[in-house]
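The values are calculated or read from the model by the stated rules, or taken from the named source; none is laboratory data. Note that this is a predicted model, so its numbers are computed, not measured. Using ideal geometry, Cβ is built from the backbone for each residue, glycine included, and neighbour counts are taken over all protein chains shown.
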Amino acid sequence: MACVWDRVGVGLAAVCACVVLAAQNASFDDLARRASDALDSRPDQAVLLFDQALAQRPGWAEGWMYRGAALYQLRRFREARDSLRKGVALAPGKGTPLAFLGMAEYELGEYRQALADILNGESIGLADQPGFIAAVRCRAAFIFLRGSDFARAIEQLRPLAKNRVETPEAVETLGLSVLNLAYLPSTLPPGRRGLVDLAGRAAWAHLGERPAESGPLFEQLVAQFPNEAGVHYMNGVFLMDHDAAAAAEEFRKELRISPSHVLARVQLALLLDKGGDAEAAIPLAGEAVKLAPSDALCQVTLGRVLLDTGRTAEAIAALEKGERLAPEAARTHFYLAQAYRRAGRDADARRETAEWDRLHAEQEPVEMKAQP
């Protein structure tokens, strides 16, 4: 059976931290050394050796973690999960074992807990092994795809593209995410793979801030798949920074193909507003809210364009809805502060400005934080 870490290009011994052993018992030291040496080549033997070492020293946190890694390699995911949980409980605050635990939970279908552990591990920091990080982030993206939360799936993959940690799995997952296709790579129909592959490569180069590479890929995508949902929206996003008129036309094309496309309405409304035609933006933003009333971005977009037409009271109502839906979104507090200031609500404006300052300082772009 192929080692899962061979598929992601990472050795188990490299992912785990170095074993630090107290030389209290020569037999234990020997067992621990032999178990660690067997991790990559003989995971079945490693499990037996870790069992013997842990029988002597059950409080050995790293042993439980490494044992879980070996069991994961053997696809004994339930045992791997339980062993990793013991290790994490004995030595909390380490990002790599938590993310590893989340991967085992994912394989068992425990998606909610898997996502919580993966995100917690990412926030603490993962071992500096790009292949392992890519595997972890892809599992989180899979969970978001299962729930059709495409925006958060993209955000899981963005740091990989930015740091050029490219794997076929990550690129394909990004293609699914940007096209809003609720498939996993393993369930994607063969007839859709060409579209998803090209969309993934174009989006990968775009998120990696390589316009010379992404531009021709987007052109090819539109030429090959002009009638596929999501394609013109993707191209519009690419064009926004350097050709607003062309981007707006792409969003209009998307709406002709996908009449219920929420984000195409949002982006077109923002472009119109930025171009000085806030009145024309209001109907589009209003339609987006009707299609997705619980989407904070839609509410905030409506609030912004209402504010720019002088309809301050209505703007405040929409922005406050957006704030309730996503209180951690820093920009919402910025716009609310503007709206309150225009309404003469100075105390409220100061409160929102303070919250904007706090959140803006905390929310740096997500990077692949290395574990200390």
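One table, with the values for the structure above:
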read-out	value
Where residue 109 falls short, out of the listed (1) outside any helix (DSSP H, G or I); (2) closer than 30 Å to residue 202 by Cα	(2)
Residue in segment 180-187 that is in contact with a Gly (Cβ under 6 Å, 6 or more places away or on another chain), closer than 20 Å to residue 258 by Cα and either in contact (Cβ under 8 Å) with a residue 12 or more places away in the chain or surrounded by fewer than 22 Cβ atoms within 10 Å (Cβ to Cβ) (or both) present	yes
Residues located in segment 227-247, provided they are assigned to a helix (DSSP H, G or I) and surrounded by fewer than 18 Cβ atoms within 10 Å (Cβ to Cβ)	244, 245, 246
Count of segment 81-99 residues which are over 18 Å from residue 50 (Cα atoms) and in contact (Cβ under 8 Å) with a residue 24 or more places away in the chain	6
All helices (runs of 4 or more DSSP H) inside segment 254-372 with 3 or more residues being buried (at least 18 other Cβ atoms within 10 Å of the Cβ), hydrophobic (A, V, I, L, M, F, W, C) and at negative phi	262-274, 278-291, 296-308, 312-325, 330-342
Neighbours by Cβ (under 6 Å, 6+ apart or cross-chain): first from segment 102-128, in contact (Cβ under 8 Å) with a residue 40 or more places away in the chain; second of a type outside the set (S, T, N, Q) and assigned to a helix (DSSP H, G or I)	124/95; 125/95; 126/95; 126/99; 126/133; 127/15
Yes/no for residue 180 being assigned to a loop (DSSP other than H, G, I, E, B) and either closer than 23 Å to residue 326 by Cβ or in contact with a Pro (Cβ under 9 Å, 6 or more places away or on another chain) (or both)	yes
Odd one out for residue 165 among (1) more than 10 Å from the chain's Cα centre (by Cα); (2) assigned to a helix (DSSP H, G or I)	(2)
Subset of segment 133-179 (residues that are free of Cβ contacts under 8 Å to residues at least 24 places away in the same chain and within 14 Å of residue 196 (Cα to Cα))	168
Tally of residues being assigned to a helix (DSSP H, G or I) and either touching a residue at least 12 places away in the same chain (Cβ under 8 Å) or not charged (D, E, K, R) (or both) across segment 38-80	30
Those residues of segment 175-218 which are in contact with a Phe, Trp or Tyr (Cβ under 7 Å, 6 or more places away or on another chain) and at positive phi, in sequence order	180
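Matching residues to (1) in the same structural domain as residue 60 (by TED's automatic domain parsing); (2) surrounded by 21 or more Cβ atoms within 10 Å (Cβ to Cβ); (3) under 15 Å from the mean Cα position of the chain (by Cα); (4) part of a loop (DSSP other than H, G, I, E, B):
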{"position": "82", "(1), (2), (3), (4)": "yes, no, no, no"}
{"position": "86", "(1), (2), (3), (4)": "yes, no, no, no"}
{"position": "100", "(1), (2), (3), (4)": "no, yes, no, no"}
{"position": "105", "(1), (2), (3), (4)": "no, yes, no, no"}
{"position": "119", "(1), (2), (3), (4)": "no, no, yes, no"}
{"position": "122", "(1), (2), (3), (4)": "no, yes, yes, no"}
{"position": "152", "(1), (2), (3), (4)": "no, no, yes, no"}
{"position": "170", "(1), (2), (3), (4)": "no, yes, yes, no"}
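Residue-by-condition table, conditions (1) at pLDDT 95 or above; (2) within 18 Å of residue 266 (Cβ to Cβ); (3) out of contact with any Leu (no Cβ under 9 Å at 6 or more places or on another chain); (4) not aromatic (Phe, Trp, Tyr):
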| residue | (1), (2), (3), (4) |
| --- | --- |
| 302 | yes, yes, no, yes |
| 309 | yes, yes, yes, yes |
| 314 | yes, yes, no, yes |
| 318 | yes, yes, no, yes |
| 337 | yes, no, yes, yes |
| 348 | yes, no, no, yes |
| 360 | no, no, yes, yes |
| 366 | no, no, yes, yes |
| 372 | no, no, yes, yes |
